[in-house]
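Working notes for the structure below.
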Amino acid sequence: MAKPKVLVTRAWPDAVQNRLAGIADAVFRNPDTPMTDADFMAAARSYDALMPTVSDRIPAVFYEAAAGNVKLLANYGVGYNHIDLDAARSAGITVTNTPGVLTDCTADIAMGLLIATARRIGEGERELRGGDWKGWRPMHLIGRKVSGATLGIVGFGRIGQAMARRAHHGFGMKVVFHNRSRVAQDICDAHAATQLDSIEDVAAQSDFLSLHCPGGIETRHLIGTRVFDAMKPGCILVNTARGDVIDEEAFFNALDNGRLGGAGLDVYQNEPGLDPRFLRYERCVLAPHLGSATDATRAAMGHCAVDNLEAFFAGDTPADVVT
Ligand code: DGY
């Protein structure tokens, strides 16, 4: 049987590219830049499968054009809010993702951002690099204590639970969370975590609030004025989920009126465009979407996407079918 024609939209780790080249007639786009609408329209008629990722803006017209030709979108990444699932379904295109393999690294960076923001590591580094450090003194860059504080989590799936484990077992934090569906008591107990009925209830109790829900229309601006108004004053917000989960206007207001004490952010509404207001706040630690950016995890994501592709073209059901 002929090998499937596959387009990989961005550069991947060499080992995974080599593996894919062995099982598919693969094209690896070079340069490593976002696909344009024209690239997508050309790909719609030229490939059996595309392997896109979070930074690919797939135009609405792609799906109809790809119908009957592209059979699979094997996404490199767990989040798929950049893919229109209804349109893919109507066009007969299967969509897969890469859950599980990036859980630990994403929770690690969430914990890192939480600590960096609470303990003002970004401000301190800027001071030091600027040659402005005047030495140790009792009242220098006083931050917030993490150990023993209360962490609120929004979204208690794999990554939310991994965050809870780190916070509770590593830092003795009390954990409260909100999740759309009821979480089994044994899972709550394993993380010493308490499920509350609303995000506002979670925000009201939390010294730190960390977001771990999926992106997409259902969670767009989930963290807005109502949540900020309910917050314990001075709460620190951490977002490693998706930028549009936060209403950025309400976010800046909350920083200005002191409701929000600071934020550790890895994701933004219009990536890579950054609202310049973020740069004004020393109390924000800003990372450029690095949640899964370790050598082991980026390779594991690639292998997972290739496993899904291989299974699909072997006529089996891939492990990670989204639709
Ligand atoms: C994902 O997989 O959805 C991440 O945001 C990229 O690591």
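Laid out as a table, the results:
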{"quantity": "From the options 315, 302, residue that is closer than 23 Å to residue 50 by Cα and buried (at least 23 other Cβ atoms within 10 Å of the Cβ)", "calculated": "302"}
{"quantity": "Segment 129-157, residues that are over 30 Å from the mean Cα position of the chain (by Cα) and not acidic (Asp, Glu)", "calculated": "130, 131, 133, 134, 135, 136, 137, 138, 139, 140"}
{"quantity": "Selection status of residue 113, under 23 Å from residue 166 (Cβ atoms) and buried (at least 23 other Cβ atoms within 10 Å of the Cβ)", "calculated": "yes"}
{"quantity": "Per-region count, segment 120-140, residues buried (at least 17 other Cβ atoms within 10 Å of the Cβ) and either part of a loop (DSSP other than H, G, I, E, B) or touching a Phe, Trp or Tyr at 6+ places or on another chain (Cβ under 9 Å) (or both)", "calculated": "1"}
{"quantity": "Strands (runs of 3 or more DSSP E) completely within segment 141-210 that count 3 or more residues being surrounded by 22 or more Cβ atoms within 10 Å (Cβ to Cβ)", "calculated": "150-154, 174-178"}
{"quantity": "Any pair with Cβ under 9 angstrom, 6 or more apart, that starts in segment 295-320 at a residue that is farther than 14 Å from residue 75 by Cβ and within 14 Å of the ligand (Cβ to nearest atom) and ends at one that is assigned to a helix (DSSP H, G or I) and open to solvent by 70 Å² or more (accessible area, probe 1.4 Å)", "calculated": "297/104"}
{"quantity": "Filter result (of a type in the set (A, V, I, L, M, F, W, C), assigned to a loop (DSSP other than H, G, I, E, B) and within 23 Å of the chain's Cα centre (by Cα)) within segment 1-59", "calculated": "11, 12, 35, 54, 58"}
{"quantity": "Scan of segment 54-97 for residues that are away from the ligand (no atom under 16 Å from the Cβ) and closer than 18 Å to residue 12 by Cβ, ordered by number", "calculated": "72"}
{"quantity": "Of all residues in segment 14-46 being more than 15 Å from residue 75 (Cα to Cα) and in contact (Cβ under 8 Å) with a residue 40 or more places away in the chain, the one that is farthest from the ligand (Cβ to nearest atom)", "calculated": "46"}
{"quantity": "Search result, residues across segment 258-275 that are in contact with a strand residue (DSSP E or B) (Cβ under 9 Å, 6 or more places away or on another chain), within 14 Å of the ligand (Cβ to nearest atom), open to solvent by 10 Å² or more (accessible area, probe 1.4 Å) and among the charged types (D, E, K, R)", "calculated": "none"}
{"quantity": "Residues that are touching a residue at least 40 places away in the same chain (Cβ under 8 Å) and surrounded by fewer than 17 Cβ atoms within 10 Å (Cβ to Cβ), drawn from segment 82-107", "calculated": "85, 89, 100"}
{"quantity": "Residues that are within 23 Å of residue 23 (Cβ to Cβ) and either among the hydrophobic types (A, V, I, L, M, F, W, C) or not in a loop (DSSP other than H, G, I, E, B) (or both), drawn from segment 60-69", "calculated": "66"}
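The values are calculated or read from the model by the stated rules, or taken from the named source; none is laboratory data. Model, not experiment: these values are computed from the prediction. Cβ coordinates were reconstructed from backbone atoms using ideal geometry, including for glycine residues, and neighbour counts include every protein chain displayed. When the accessible area is computed, the model is the full protein with side chains, heavy atoms only, and any ligands, DNA or RNA have been set aside. Shrake-Rupley method; radii C 1.70, N 1.55, O 1.52, S 1.80 Å.
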